[in-house]
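The values are calculated or read from the model by the stated rules, or taken from the named source; none is laboratory data. For clarity, every value in this text was computed on a predicted model and none was experimentally measured. No Cβ is skipped: glycine too gets one built from the backbone with ideal geometry, and neighbour counts run over all protein chains shown.
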């Protein structure tokens, strides 16, 4: 099975429409549109699982850079490894339960 990453399709397209659209190039096993967890709306990208490499490569060749309803499509092989999620918090916003103490000024001299 070959997984493709696609971006740029109209947000109104659902998984069934994407399945039909990509089926013109080969046997599609599954389609997964990535959605916002809170709103459920499409984030504008999806993963397409092709049963064979021939159909996947044909879809990349024919669709990458093409336009659909005025939008430019991006179609490529999906990364094999999942990338870790990146925290969007700034370092000073991250929670820390340790109190970090830093010296202030010079160390006092010993009194004799």
Scanning segment 71-81 residue by residue, those in contact with a helix residue (DSSP H, G or I) (Cβ under 7 Å, 6 or more places away or on another chain) and free of Cβ contacts under 8 Å to residues at least 60 places away in the same chain turn out to be none
For segment 32-70 the number of residues that are in a strand (DSSP E or B) and either over 14 Å from residue 14 (Cβ atoms) or in contact (Cβ under 8 Å) with a residue 12 or more places away in the chain (or both) is 13
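Does residue 43 count as loosely packed, with under 14 Cβ neighbours inside 10 Å and closer than 19 Å to residue 79 by Cβ? Spell out how you get there, then give the answer.
Numbers: loosely packed, with under 14 Cβ neighbours inside 10 Å: yes; closer than 19 Å to residue 79 by Cβ: yes.
Yes; evaluated as a whole, the condition is true for this residue.
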If you go through segment 77-92 one residue at a time, do you hit one that is within 23 Å of residue 14 (Cα to Cα) and at pLDDT 90 or above?
yes
